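Working notes, beginning with the structure itself.
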């Protein structure tokens, strides 16, 4: 299986497995089953907890 690596949209830091993230995304138009990491990478902006705490 392929390893899909996620990166923070703000600081470009690699998101570690099990790390809490925040994703800014639109609600899906269709009800579909997808591989979650691939969907997040393609359809959202991902932020690490460090960047979110700086934004708030």
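Here are a few things to note about the model shown:
- Odd one out for residue 12 among (1) loosely packed, with under 11 Cβ neighbours inside 10 Å; (2) modelled with pLDDT under 95: (2)
- Complete set of residues in the stretch 44-56 that are surrounded by fewer than 14 Cβ atoms within 10 Å (Cβ to Cβ) and outside any loop (DSSP other than H, G, I, E, B): 45, 49, 50, 53, 54, 55
- Extreme residue, farthest from residue 55 (Cα to Cα), among residues of the stretch 19-35 that are within 12 Å of the chain's Cα centre (by Cα) and exposed (fewer than 10 other Cβ atoms within 10 Å of the Cβ): 20
- Residues within the stretch 22-48 that are out of contact with any helix residue (DSSP H, G or I) (no Cβ under 9 Å at 6 or more places or on another chain) and closer than 15 Å to residue 12 by Cβ, tallied: 3
- Single residue of 41, 24 found to be without any contact (Cβ under 8 Å) to a residue 40 or more places away in the chain, on the phi < 0 side of the Ramachandran plot and part of a strand (DSSP E or B): 24
The values are calculated or read from the model by the stated rules, or taken from the named source; none is laboratory data. Computed from a predicted structure; not experimentally measured. Note that each Cβ is placed from the backbone with ideal geometry, even for glycine, and that neighbours are counted across all protein chains shown.
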